[in-house]
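Right, one structure below, let's go through it.
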Amino acid sequence: MSGSHELSRRDFIKVTTGIIGGLIGAVVGLPAVYYLIDPALQAGGKEAWIPIGKFEDMQLDKPYSFSFTRVQVNGWERTASSFGGYAVRKSDKPEELLILNSRCTHLACTVNWNEAANGYLCPCHDAKFSKEGEVLDGPPPRPLDVYDEHRITEDGIIEIFFKEG
Amino acid sequence: MWNNIYNWLDERVGFNDLYANLLDRPEPKTSWWNTLGSASMFLFVLQGLTGIFLTVYYTPSPDHAYDSVQYIMEGVAFGWLIRGIHHWGATLMVLVVFIHMLRVFFTASFKYPRELTWLIGIGLLLTTLGMGFTGYLLPWNQKAFWATTVGTQIAGTVPFIGEFTLKALRGGPDLSALTLQRFFSAHIWMIPGILAALIGVHLFLIMKHGESHWPKKDD
Ligand code: HEM
Ligand code: FES
């Protein structure tokens with residue numbers, strides 16, 4: 001048959017095997033990829049108002065530390081993750097509170113207020129942030145993030161707006 | 001350019017020789033029954049792949065095993081498909097391996113010079129059954145728990161070494177976290193390793209001897 005344009009029996013077998021094998025591979029392979037990345041595609045982003053403390057307990061110009069945990073369902077398990085930050089009071093007006101997120105903007109370690117250093121220090125790569133969150137030293141690319149929505153309740157408790165994810 | 005790359009590699013690896021020796025061997029006129037060994041091997045690879053994917057979510061601990069399987073079935077996209085293939089593939093593999101053995105028996109292909117191929121084949125059957133036995137416990141549901149209780153209890157009735165065997169299989173006198181963990185280890189590492197090695201020798205011998213003739217009337 002060689003030389004003719006007709007498909008030889010052997011080539012026919014090869015091509016059919018290839019096509020059928022490819023089809024089977026795709027039918028199982030594509031769902032398998034989806035199966036692997038599925039957790040990354042889950043919609044997160046639950047929202048909540050979280051109380052962080054009484055306004056009257058927050059002293060002028062002295063960062064007020066707060067923390068809270070959120071329970072998330074990951075797979076078949078409930079996992080508690082902690083979050084936190086510092087509320088910096090500037091005046092008597094609750095709306096002028098500056099509420100910083102203590103998650104370092106470098107690689108997400110938790111920063112701590114240090115009175116002696118007059119700044120937030122990050123234990124991971126020695127970053128230093130000012131009281132208002134500006135980068136003073138170290139590798140972080142931008143100032144500390146802020147929780148930019150907050151409100152005060154009738155009982156004088158500050159609540160921040162928190163969005164997961 | 002692809003031709004050049006191919007030729008360069010072929011000179012060093014010898015694709016053409018490999019192809020001629022592995023896939024283009026002369027065969028006596030045989031039948032579809034002779035494809036069952038390849039079918040067994042295909043199922044082994046399929047079980048291996050789906051098994052690897054299952055370990056992405058499956059957790060071998062009494063606290064999590066059941067829930068993680070439940071999650072695979074209901075929580076993860078196409079988890080039911082991956083587990084389904086692995087589940088039914090396991091049964092099918094035992095069946096196909098067994099029929100393969102029957103065909104080798106009925107065509108008397110186990111005779112000289114293929115006795116060793118047959119012996120290795122027995123090892124393959126036993127390890128395939130071992131995969132089924134160890135895998136059955138992993139979902140950690142009632143059926144799994146009691147099937148393993150019974151299975152290991154049977155091993156315990158062997159004279160003299162029975163009690164030791166039972167404890168070695170369970171990792172203690174009773175079914176526990178240790179049992180689940182060691183069955184998992186056997187199921188994903190030890191037995192597949194042995195199985196793969198045996199398949200390697202099996203195939204080597206088959207290539208060395210070539211396929212046996214389908215027996216004729218006067219054989
Ligand atoms: C995981 C299990 C097994 C795999 C992957 C496997 C694979 C294969 C393959 C690919 C062949 C080539 C020809 C054919 O398919 O007939 C073969 C032949 C053979 N198998 Fe198996 N096999 C397995 C189990 C067994 C068992 C349980 C036995 C017997 C106890 C056995 C004994 C033989 C013998 C004697 C041959 C040579 C047959 C001949 O030359 O005609 N195998 N095997
Ligand atoms: S994570 Fe804070 S400095 Fe690197």
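The values are calculated or read from the model by the stated rules, or taken from the named source; none is laboratory data. These numbers come from a predicted model, not from an experiment. Positions of Cβ are backbone-derived with ideal geometry, glycine not excepted, and every protein chain shown enters the neighbour counts. When the accessible area is computed, the model is the full protein with side chains, heavy atoms only, and any ligands, DNA or RNA have been set aside. Shrake-Rupley method; radii C 1.70, N 1.55, O 1.52, S 1.80 Å.
List of remarks:
- Scan of the range B:38-83 for residues that are among the hydrophobic types (A, V, I, L, M, F, W, C), within 9 Å of another protein chain (Cβ to nearest Cβ) and closer than 29 Å to B:M207 by Cα, ordered by number: B:L46, B:L49
- Residues satisfying the stated conditions in the range B:26-80, i.e. surrounded by fewer than 19 Cβ atoms within 10 Å (Cβ to Cβ), within 16 Å of ligand 1 (Cβ to nearest atom) and within 16 Å of B:Y136 (Cα to Cα): B:G48
- When A:G156, A:G119 are screened for being within 16 Å of ligand 2 (Cβ to nearest atom) and in the same structural domain as A:D92 (by TED's automatic domain parsing), only A:G119 passes.
- Long-range neighbours under 8 Å by Cβ, at least six apart or interchain, first residue within 7 Å of chain B (Cβ to nearest Cβ) and more than 13 Å from B:G75 (Cα to Cα) within the range A:23-41, second of a type in the set (G, A, S) and open to solvent by less than 40 Å² (accessible area, probe 1.4 Å): A:P31/B:A77
- Residue in the range A:126-149 that is touching a Leu at 6+ places or on another chain (Cβ under 7 Å), of a type in the set (A, V, I, L, M, F, W, C) and either assigned to a strand (DSSP E or B) or within 16 Å of ligand 1 (Cβ to nearest atom) (or both) present: yes
- Test: residue in the range B:182-190 that is away from chain A (no Cβ under 14 Å), under 15 Å from the mean Cα position of the chain (by Cα), within 16 Å of ligand 1 (Cβ to nearest atom) and part of a helix (DSSP H, G or I): yes
- Sole exception among (1) in contact (Cβ under 8 Å) with a residue 60 or more places away in the chain; (2) not in a helix (DSSP H, G or I) for B:I120, by number: (2)
- Beta carbons closer than 6 Å, at least 6 apart along the sequence or on distinct chains, pair a first residue in the range B:192-212 that is under 11 Å from B:T117 (Cβ atoms) and within 11 Å of ligand 1 (Cβ to nearest atom) with a second that is basic (K, R) and open to solvent by 40 Å² or more (accessible area, probe 1.4 Å) for B:H209/B:R114.
- Residue match in the range A:102-117 (condition: within 19 Å of the chain's Cα centre (by Cα), open to solvent by 90 Å² or more (accessible area, probe 1.4 Å) and over 28 Å from A:D137 (Cα atoms)): no
- Residue within the range A:128-151 that is exposed (fewer than 12 other Cβ atoms within 10 Å of the Cβ) and within 25 Å of A:A48 (Cβ to Cβ) present: yes
- Pair list, Cβ < 6 Å and 6+ apart or interchain, from the range B:70-88 residues that are over 14 Å from A:V28 (Cβ atoms) to residues that are surrounded by 15 or more Cβ atoms within 10 Å (Cβ to Cβ) and acidic (D, E): B:V76/A:D38
- Each residue in the range B:173-185 was checked for being surrounded by 14 or more Cβ atoms within 10 Å (Cβ to Cβ), of a type outside the set (V, I, T) and either touching a strand residue (DSSP E or B) at 6+ places or on another chain (Cβ under 7 Å) or under 21 Å from B:T157 (Cβ atoms) (or both), and 3 pass.
- If you go through the range B:81-93 and keep only what is β-branched (V, I, T) and surrounded by fewer than 17 Cβ atoms within 10 Å (Cβ to Cβ), you end up with just B:T91.
- When the criteria are applied in full, B:T127 meets the requirement of being among the hydroxyl-bearing types (S, T, Y), more than 14 Å from chain A (Cβ to nearest Cβ) and surrounded by 14 or more Cβ atoms within 10 Å (Cβ to Cβ).
- Residue within the range A:106-115 that is more than 16 Å from ligand 2 (Cβ to nearest atom), away from chain B (no Cβ under 14 Å) and not aromatic (F, W, Y) present: yes
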